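Visitor: Below you will find the structure I want to go over with you.
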Amino acid sequence: MTSRGRRLAGEIWRYMAVGLGATIVAFILFNGLVHGFSTAYRAPLNGHPLTGYVLANLVGTAVSYRGTRSWAFRHRGTTHSDGGRTAFVTISVATMAIPLACLWISRNLMGLDDPFSDNISANVIGLALGNLARFVLTRQFVFHVRNDVDALDTV
């Protein structure tokens with residue numbers, strides 16, 4: 001594997017590891033908000049799965065930014081005065097539409113409203129598609145290469 005290939009593979013692996021941590025946080029929050037942690041009590045956002053998904057994933061976005069900035073793309077700089085936070089959040093919120101659309105389709109077009117269907121549509125299918133888009137956009141528009149040497153080693 002070439003130097004560029006190893007660098008890209010490392011970025012992808014680190015990005016996926018950070019994403020897994022953020023996903024676990026968002027997954028637990030989403031299920032707690034929408035389905036509850038116990039069957040004895042009604043979940044606070046039981047009738048509002050899209051709102052629950054957005055709230056849980058905003059917390060996940062904060063976790064993701066920290067890990068992405070300090071580990072996944074630590075060797076890349078940013079030209080943004082705020083360290084790329086605004087661009088990162090903008091990309092994260094925009095790409096959140098992908099799993100939200102999957103959840104909406106599952107709930108409203110297919111009539112599936114059980115926890116398993118919600119998690120497959122939003123947290124498996126939607127998340128995979130959203131993460132792919134987020135990786136490409138974050139790498140391209142938030143964390144640029146720092147100098148000419150990095151430019152030669154990165155894709």
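Visitor: Mind checking Rg over Rh on the range 63-152, alpha carbons, Kirkwood formula for Rh?
Guide: Details: Rg = 16.1 Å, Rh = 14.4 Å.
Computed over Cα atoms, the ratio is 1.12.
Visitor: Mind jotting down the three principal axis lengths of the range 23-117 based on Cα atoms? Whole angstrom, largest first.
Guide: Projected onto the principal axes, the Cα atoms of the range 23-117 cover 47, 28, 18 Å.
Visitor: Could you tell me what % of all Cα pairs in the range 1-57 have separations over 12 Å?
Guide: Values: 1094 of 1596 pairs.
So the portion of pairs separated by more than 12 Å is 69 percent.
Visitor: Sticking with this one: Is there a quick way to get the dipole size of the chain? I mean about its Cα centre, with the Cβ of Lys and Arg at +1 and of Asp and Glu at -1; what is the value in debye to the nearest 20? Intermediate results must be reported in sequence, preceding the final value.
Guide: Values: 14 positive and 8 negative charges, 92 e Å.
Its charge dipole is roughly 440 debye.
Visitor: Roughly how tilted is helix 3-34, in degrees to the nearest 10 and between 0 and 90, from the longest Cα axis of the chain?
Guide: So the helix axis and the longest Cα principal axis differ by about 20 degrees.
Visitor: Among residues other than Thr61 whose Cβ falls under 13 Å from its Cβ, what is the net charge (Lys/Arg +1, Asp/Glu -1)? Mind dumping the intermediate values first?
Guide: Details: positive: Arg66, Arg69, Arg85, Arg134; negative: none.
Combined, the nearby Lys, Arg, Asp and Glu give +4.
Visitor: Specify the angular offset, from 0 to 90 degrees and rounded to the nearest 10, of the alpha carbon long axis of helix 49-67 from the longest principal axis of the alpha carbons in the chain.
Guide: With both axes taken from Cα atoms, the answer is about 30 degrees.
A short reminder: the numbers here are calculations on the coordinates, not readings from a lab. Just so we're clear, the structure is a prediction, and the values are computed from it rather than from any experiment. As a convention, Cβ positions derive from the backbone with ideal geometry for all residues, glycine included, and neighbour counts pool all protein chains shown.
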